[in-house]
Amino acid sequence: RLDKLLRTVLPNALKAETSTKTLRCLGLVVSQGQADALNTSARQHYGSTLKGFISSLRSLINTLGFSPYANGAEIPYVQPRIAYLPYSVDGTYTKHSELGGGSEAYNADTGGLTNSAIEENTASDGFAASVNVDDLPRLTADHGIYSGIGEAELGSRIGDKLSSLIDYGLGHGSTALAN
């Protein structure tokens, strides 16, 4: 689906708007890993899976000519960590159940493997950063969902990190923003 989006939908959206501008991808927000944290095998392989996903995504964007970066710079990305609080208790996550009025326990990110992989991948990448989410406000009725304030703060954190990474990447040499 992503390949189709990048190859057909985005360029045609510009044409539909009668725009002659060149499409560029300045950065990515990779909000991924929650489902992987719930599965033992996925948790154990998350680091290599994530690295492969980012590499494939960057390669596709580069192949299609959407990357504005030069001289070894990569398309930057920011990835929020998987939240532990307030609904993590003794290494398990709980998901509020509206229908049952209680909660259902999930064994999630045992040993912190998913968050460790996020940290390791972003730290070793050079054009990536992670964002802590444990302190973001959540809904009282369903602690699995950020409140409006939590969403706004998450966006602010991602924006701050991504804009710094974009500046850093463009500093390697690019004329993309001049067009």
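Throughout, read-outs are computed from the coordinates displayed, never taken from laboratory work. Not measured: the values here are computed from a predicted model. Every residue, glycine among them, receives a Cβ derived from its backbone with ideal geometry; neighbour counts consider all protein chains shown.
Amide H contacts under 5 Å for residue 127: none, restricted to partners 5 or more places along the chain or on a different chain, H placed in the peptide plane at 1.01 Å from N. Dividing the Cα radius of gyration of region 13-56 by 2.2 N^0.38 Å, with N the residue count, gives 1.80. Between residue 3 and residue 124, the simple spin-label model (points 7 angstrom out along Cα→Cβ) gives 2.6 nm.
Cβ-Cβ distance of residue 49 and residue 19, R₀ of 35 Å, FRET efficiency by 1/(1 + (r/R0)^6): the value works out to about 0.45.
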